[in-house]
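The values are calculated or read from the model by the stated rules, or taken from the named source; none is laboratory data. Keep in mind it's a predicted model, so treat the numbers as computed, not measured. Backbone-built Cβ (ideal geometry, glycine too); neighbour counts: all protein chains shown. In case anyone asks, the SASA skips ligands and DNA or RNA and just uses the protein heavy atoms, side chains included. Shrake-Rupley method; radii C 1.70, N 1.55, O 1.52, S 1.80 Å.
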Amino acid sequence: GQNIDQPTEMTATEGAIVQINCTYQTSGFNGLFWYQQHAGEAPTFLSYNVLDGLEEKGRFSSFLSRSKGYSYLLLKELQMKDSASYLCAVSPNQAGTALIFGKGTTLSVSS
Amino acid sequence: DAGVTQSPTHLIKTRGQHVTLRCSPISGHKSVSWYQQVLGQGPQFIFQYYEKEERGRGNFPDRFSARQFPNYSSELNVNALLLGDSALYLCASSLGRGQDTGELFFGEGSRLTVL
């Protein structure tokens, strides 16, 4: 079967650093995505990892370990606008086919 | 540049009715996927179309059907609506199979409420 696990909720304060973990068990692996989704809005792309290691993009970084079926999204210098749901998604087949999404982690940033 | 557009944005139906949702992909994108997102959950894959052919189908009943037109736009049809079909229906486009990382570009969604 296909399974993606991530924490349901997390809280943090402005200026802090937060790490959102994701573990996956899928029939195949062709890349892992992180999407951000604000309440009532569409998901927007944050990052993509297909090889092991860390990908950094501004305040956001994403890490992948394929042997462990594990990824994390690291958010630095948190801002109130980072309050959103963060979705971990795996492409189990050839690129361009369906993504399998986790249930999402709702991050609440307080002042 | 226009992103993925979906219509209608909101609609209310009653049990047993039929609904058609529409999606226009980003220009140049040949693949369209449909996802259902129930409140508090991640998107669940329904269908993928590429070059007007169905390329993938998720675990949804036959009441759900879709098609892609020559201009790459797409429709999702749901028959005999149930209360549990109430959800946000997301359309996503991408360049196509094997042509990129597979990054999906989502529309704003169609929020369906079944009473």
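Find the strands (runs of 3 or more DSSP E) located wholly in the range A:50-111 whose residues include 1 or more that are among the acidic types (Asp, Glu), and list them. Outline the logic, then answer.
Numbers: elements: A:53-57, A:60-65, A:70-75, A:84-90, A:105-110.
Hits in the range A:50-111: A:53-57.
Mind checking which strands (runs of 3 or more DSSP E) fall wholly inside the range B:1-86 and carry at least 2 residues that are farther than 22 Å from residue A:45 by Cβ and out of contact with any Gly (no Cβ under 9 Å at 6 or more places or on another chain)?
Values: elements: B:5-7, B:10-13, B:19-24, B:31-37, B:44-50, B:53-57, B:64-68, B:74-78.
Strands (runs of 3 or more DSSP E) meeting the threshold: B:10-13, B:19-24, B:53-57, B:64-68, B:74-78.
Part of a strand (DSSP E or B), more than 10 Å from chain B (Cβ to nearest Cβ) and of a type in the set (A, V, I, L, M): is that true of residue A:46 in this structure?
Details: part of a strand (DSSP E or B): yes; more than 10 Å from chain B (Cβ to nearest Cβ): yes; of a type in the set (A, V, I, L, M): yes.
Yes.
Taking (1) more than 14 Å from chain A (Cβ to nearest Cβ); (2) over 14 Å from residue B:109 (Cβ atoms); (3) surrounded by fewer than 17 Cβ atoms within 10 Å (Cβ to Cβ) in turn, residue B:51 satisfies each apart from (1). Listed residues B:114, B:32; which is more than 10 Å from the chain's Cα centre (by Cα) and either crowded, with 16+ Cβ neighbours inside 10 Å or of a type outside the set (Lys, Arg) (or both)? Result of the check over B:114, B:32: B:114. For the range B:54-64, a residue qualifies if it is aromatic (Phe, Trp, Tyr) and open to solvent by 60 Å² or more (accessible area, probe 1.4 Å), but none of them does.
Out of the residues in the range A:1-46 that are free of Cβ contacts under 8 Å to residues at least 12 places away in the same chain and surrounded by fewer than 20 Cβ atoms within 10 Å (Cβ to Cβ), state the one that is nearest to the chain's Cα centre (by Cα). In this case the residue turns out to be A:44. Of all the listed residues (B:45, B:64, B:69), the sole one being at the interface with chain A (Cβ under 9 Å from one of its Cβ atoms) and not basic (Lys, Arg) is B:45.
So which residues in the range A:70-82 are open to solvent by 10 Å² or more (accessible area, probe 1.4 Å) and over 14 Å from residue A:59 (Cβ atoms), if there are any at all?
So in the range A:70-82, the residues open to solvent by 10 Å² or more (accessible area, probe 1.4 Å) come out as A:70, A:72, A:74, A:76-77, A:79-81.
Within the range A:70-82, A:70, A:72 qualify.
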